[in-house]
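Every read-out reported here was derived from the displayed coordinates using simple, explicitly stated rules and does not represent laboratory data. Nothing here was measured: the structure is a model prediction, and the numbers come from that model. Please note: Cβ atoms are built from the backbone with ideal geometry, for glycine as well, and neighbour counts cover all protein chains shown.
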Amino acid sequence: MHTTLRTAIFCGLVASAAAHFKIANPETRGFNSQVEPTAPCGGYDTANKDRIYNFPLTGGNITLSIEDGQGSLTFAYASGESSQTFQSLNITTPYSAQSNPSLSQAINLTGIANPGDSGVLQVIAHVTGEETLYQCSDIVVAAAGSPIQKVPSSSANSVSTVGPSALIALSVTALSLSL
């Protein structure tokens, strides 16, 4: 009986100490709870070419799934595919998995990004009484109010290879060829 009770208490303590969240939209680069405390992107520090999303300059929301815990979230942006130098978006949002397991936060990239730029959105969870956790999403900045959409893999590969300016030129060329 004492062993069962001790095991139950231990399991309860371990479960309560495991606060995690996941970026749902635009999709996170990757998720592994074992490396989620690793800055700057929860152990996924290179762009995931299969998970790049168009994200509007203004009018876009990042959506999170809060699995457990409570604390505050902060948001940042890094230009290019590098996820080493982030600029704070000056947004701090309290969260609690118990009261709100899904959270949506408006993001405004005006003044730090332009349509066509490749970048990385970073979310940092400052978990009350626990480790800080990190997640990132790879994006291509789209015109204000554009829908958040996954970039086809072939387009994502061309963005990383030739850059956003060349992608715009390719898009204009493809449009004129289709006319």
(message) What value in Å³ per residue do you get for the convex hull of the alpha-carbon atoms in the stretch 20-174?
(response) 97
(message) From the phi angles alone, apply the Karplus equation (6.51, -1.76, 1.60; θ = phi - 60°) to the stretch 98-105 and give each ³J(HN,Hα) in whole Hz, x where the residue is Gly or Pro.
(response) 5, 9, 8, x, 10, 9, 10, 10
(request) Take each of the peptides 33-42, 141-150, 47-56, average the number of other beta-carbon atoms within 10 Å over its residues, and list them starting from the highest. (result) 47-56, 33-42, 141-150
(message) How would Phe21, Phe75, Phe86 line up from fewest to most surrounding beta-carbon atoms within 10 angstrom?
(response) Phe75, Phe86, Phe21
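With a 10 Å radius around each residue's Cβ, average the other Cβ atoms per peptide and rank 92-103, 114-125, highest first. Spell out each step's value before the answer.
Working: 92-103: 14.2, 114-125: 21.8.
For the peptides 92-103, 114-125, the packing ranking is 114-125, 92-103.
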(message) Output wanted: per-residue J couplings in Hz (rounded whole) for the stretch 137-144, from phi through Karplus 6.51 cos²θ - 1.76 cosθ + 1.60, θ = phi - 60°, x for Gly and Pro.
(response) 10, 8, 9, 10, 5, 10, 4, 3
(message) Considering only C-alpha atoms, what is the centroid distance from the stretch 122-148 to the stretch 53-90, in Å?
(response) 2
(message) Amide H of Ala24 versus every other amide H placed in the peptide plane: which residues, excluding those fewer than 5 positions away on the same chain, fall under 5 Å?
(response) Thr63, Leu64, Ser65
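Treating the beta-carbon of each Lys and Arg as +1 and of each Asp and Glu as -1, no other charges, what is the dipole magnitude of the stretch 36-147 about its Cα centre, to the nearest 20 debye?
Values: 2 positive and 10 negative charges, 70 e Å.
Computed charge dipole of the stretch 36-147: roughly 340 debye.
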(request) Enumerate the calculated ³J(HN,Hα) couplings along the stretch 49-60 in order (Karplus 6.51 cos²θ - 1.76 cosθ + 1.60, θ = phi - 60°), each rounded to whole Hz, writing x wherever the residue is Gly or Pro. (result) 4, 8, 9, 9, 10, 6, 9, x, 4, 9, x, x
(request) Grab the other residues whose beta carbon is less than 13 angstrom from that of Ala125, score K and R as +1, D and E as -1, and report the net. (result) -4
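What FRET efficiency do you get for Gln34 and Asn108 if R0 is 30 Å and r is their Cβ-Cβ distance, rounded to the nearest 0.05?
On the way: r = 33 Å, r/R0 = 1.10.
The formula returns an efficiency of 0.35 here.
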(request) Express in nm, to one decimal, how much length is gained between Lys49 and Thr128 on full extension, taking 0.36 nm for each residue of separation and deducting their alpha carbon distance. (result) 25.1 nm
